[in-house]
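Everything below concerns the one structure shown next.
The values are calculated or read from the model by the stated rules, or taken from the named source; none is laboratory data. As the structure is a prediction and not an experimental result, all values here were calculated from the model. Note: ideal-geometry Cβ built from the backbone for every residue, glycine included; neighbour counts use all protein chains shown. SASA here: full protein model, heavy atoms, side chains in, ligands and nucleic acids out. Shrake-Rupley method; radii C 1.70, N 1.55, O 1.52, S 1.80 Å.
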Amino acid sequence: MAQASMRAQFKNFDEAAETILHMMAKLLNINTLFIAKNDRVSNEIYKVVNGDQQLLEEGTILPFEQTYCSVSVQHGNHVLYIPDITTHEQTKNLQVTHNLKSGSFVGIPIYTGDGKNYGTICGLDTNYFELSEEHMELFETMSALLSYVLELDDAQRQIQNLSVPIVPLTERIAILPVIGNMTRRRVEQLVEVALVRSQELNLDYLFVDLSGITEMDQSAADSLMKITNLLNLLGVKPVLTGLRPETVLQTNQLGIELKHVMIEANLERALSKIGFSLQKD
């Protein structure tokens, strides 16, 4: 319940990470709190909140094996608390310990929805700090919450991909069926997916099927023009199919000019227009 209410405040993982670190900074007497991404090869400081000392900077990348995060990941899905980094067997010989000269560390891995390690959430200070059971539970809870947000982000991306599917028909030709309401966010998704996938598939033609749209307001019409104009700039020929008579009338009433766009009643006629035909075996 607590996770769900906190998740409602976050738009994405980036916002959740930022909020959580600032919240923890108010509760813990630790100079630097940070979230790192790692892939067992390199370790990147993704988000960081520093106190009086700037121990870390966002975007810093180090070899994974030379970081405290690697020790935390090796420790498993429990909080690793190292009161003295200069005497701990796994940290005393690291270059980062030599640079800091003293201090304490705490960390716990963050996992994705499929159980893979995403990174770590950690605390670091050149002064020695004590960690209570409540503080360790806080790190465990925040790790679980960030894992939960990662899973929701991934689910949202899959939903977006399903809601904006580009289906290859044959080499250099694909179809984008547009179904439902054209909200601003939906339009942004349509434009992004249409441009990216058109380049990935090296398309000559993209059929935009509008048979699933029953009403065309000014916003939807403007969005349609935006998509077709951008596709033309990329050298991809947009072809509109499935426009209903009432939708055509609405576009005319809205003053939308579609003379430069190929328009056909259905997919079969559109394919025929560019030299393809559908045959039944």
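For this structure, a couple of remarks:
- Taking the criterion of being modelled with pLDDT of 70 or more and either closer than 14 Å to LEU176 by Cα or crowded, with 17+ Cβ neighbours inside 10 Å (or both), the residues of the range 226-253 that qualify are ILE227, THR228, LEU231, VAL236, LYS237, PRO238, VAL239, LEU240, THR241, GLY242, LEU243.
- Sole residue being open to solvent by 70 Å² or more (accessible area, probe 1.4 Å), modelled with pLDDT of 70 or more and within 28 Å of the chain's Cα centre (by Cα), chosen from GLN189, GLN199: GLN199
- Matching strands (runs of 3 or more DSSP E) fully within the range 39-152 where at least 3 residues are farther than 19 Å from ASN29 by Cβ and open to solvent by less than 90 Å² (accessible area, probe 1.4 Å): 42-50, 104-111, 117-125
- Only one entry in VAL48, VAL71, VAL79, VAL96 is of a type outside the set (Phe, Trp, Tyr) and over 28 Å from the mean Cα position of the chain (by Cα), namely VAL96.
- Filtered by the rule that a residue be modelled with pLDDT of 75 or more, outside any loop (DSSP other than H, G, I, E, B) and either charged (D, E, K, R) or farther than 16 Å from ASN232 by Cβ (or both), the range 202-221 gives ASP209, LEU210, SER211, GLY212.
- Test: ILE30 is closer than 21 Å to GLN90 by Cβ and either buried (at least 17 other Cβ atoms within 10 Å of the Cβ) or touching an Asp or Glu at 6+ places or on another chain (Cβ under 6 Å) (or both): yes
- Filtered residues of the range 77-113 (kept if over 19 Å from HIS135 (Cβ atoms), at pLDDT below 95 and in contact with a strand residue (DSSP E or B) (Cβ under 8 Å, 6 or more places away or on another chain)): TYR111, THR112
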